[in-house]
Amino acid sequence: MHMVVVVTAGLGVVALILRLFSSQIRKYAAGAMCRSTTRLDGKIALVTGANSGIGKETALDLASRGARVILACRDVEKGEETATEIRTRVGGAKVEVRELDLADTFSIRAFAQRFLREVDHLHILVNNAGIMMCPYMKTADGFEMHIGVNHLGHFLLTYLLIGLLKRSAPSRIVVVSSLAHNFGWIRFHDLHSQGSYNSGLAYCQSKLANVLFTRELARRLNGSNVTVNSVHPGTVRSELVRHSTAMSLLFAFFSMFLKTPKEGAQTSVYCAVAEELQSISGKHFSDCAPAFVAPQGRNEETARKLWDTSFVLFSLVVYIFSNPCFQKHNPPLFSLLVFFYHALVTSKYEYILL
């Protein structure tokens, strides 16, 4: 009984302290705000995963600056609801919705083909969409879902649109990563978690892949007037933790310490519009300022290897599965390429890339 009284009293004291300092706590948790007043009239921006959370707020901000904003969403109906809300909140907003499923290379390629046919320029690409700590699942192409959506899907989308970004230069790419990259390692021997699976580690690996992708892409784009930077949005109240009951409970209990989606979108917006970042590329930002990158996120050899691995995966997918007559006319070669593809998906890279 005595212990119950002590615990209750302790919780009461904590609650009182939180109440007394709630405004200071919220101000600290909110982080920095993007102070840039840059207008984007005549510019075109593409934001993936823009139907909710920080993607929605990023799209709203860019639209309020005059940009034509394309919301790339898996759920088109929800995307249209978001577009309607943005138009209501921003008079004259130019917003449109297009279907994009980053867990399906067919959808990514179809999206890019239509986009390149119908859109003349692309000045801002925000690779925002992502999943977190989901049960073990595979994409349509057999990739583990975290690495498949968070890294490989955006890798392919960016690769397909890079020519348009170059022709539209100066242009910018923003890659939404996470502080979680500090706890990630690229497991080339088991990239798709076939041997063992931990949803938290899979998420961390995918966020590290975002940082490494940014670093390698910046190297390859050097001199093109196209910049790419990664961001940590902060710990944000959003639907991202919906797959984890424990994380959902923690987020609910500590909601005072979390950013709102609008606050979480600030660094993405900053990297997309800030004048002082016009020539900055390959860096990592948090709270609208340069941020620490873990040693494994600065490893150039790992960044190149991840790029090569990603490229080979998609080269095989495109070559094998986009030619309907290929299997019929050359079955032995088709079988061999399918073998190599599945070997890659099951992460036996060291035998193929040497």
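The values are calculated or read from the model by the stated rules, or taken from the named source; none is laboratory data. For clarity, every value in this text was computed on a predicted model and none was experimentally measured. Note: ideal-geometry Cβ built from the backbone for every residue, glycine included; neighbour counts use all protein chains shown. When the accessible area is computed, the model is the full protein with side chains, heavy atoms only, and any ligands, DNA or RNA have been set aside. Shrake-Rupley method; radii C 1.70, N 1.55, O 1.52, S 1.80 Å.
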*Scanning for something open to solvent by less than 10 Å² (accessible area, probe 1.4 Å), modelled with pLDDT of 95 or more, of a type in the set (Gly, Ala, Ser) and within 27 Å of Glu276 (Cβ to Cβ), does the stretch 37-54 turn up at least one residue?*
yes
_Answer residue from the stretch 92-135, given it is touching an Asp or Glu at 6+ places or on another chain (Cβ under 7 Å) and among the polar types (S, T, N, Q) and is surrounded by the most Cβ atoms within 10 Å (Cβ to Cβ) among those_ = Thr105
*For the stretch 47-156, which helices (runs of 4 or more DSSP H) that fit wholly inside it have 3 or more residues that are in contact with a helix residue (DSSP H, G or I) (Cβ under 6 Å, 6 or more places away or on another chain), touching a residue at least 60 places away in the same chain (Cβ under 8 Å) and closer than 21 Å to Thr214 by Cβ?*
53-64
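Residue by residue, here is whether (1) aliphatic (A, V, I, L, M); (2) modelled with pLDDT under 95; (3) open to solvent by 30 Å² or more (accessible area, probe 1.4 Å) holds:
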{"site": "Phe143", "(1), (2), (3)": "no, yes, no"}
{"site": "Ser168", "(1), (2), (3)": "no, no, no"}
{"site": "Val174", "(1), (2), (3)": "yes, no, no"}
{"site": "Ser177", "(1), (2), (3)": "no, no, no"}
{"site": "Leu191", "(1), (2), (3)": "yes, yes, no"}
_Among (1) assigned to a helix (DSSP H, G or I); (2) surrounded by fewer than 16 Cβ atoms within 10 Å (Cβ to Cβ); (3) not polar (S, T, N, Q), there is one condition Ala218 misses while meeting the rest; what is its number?_
(2)
_If a residue must be in contact with a helix residue (DSSP H, G or I) (Cβ under 9 Å, 6 or more places away or on another chain) and open to solvent by 60 Å² or more (accessible area, probe 1.4 Å), how many such residues does the stretch 288-298 contain?_
2
_Val293 - would you say it is more than 22 Å from Ala67 (Cα to Cα) and under 18 Å from the mean Cα position of the chain (by Cα)?_
yes
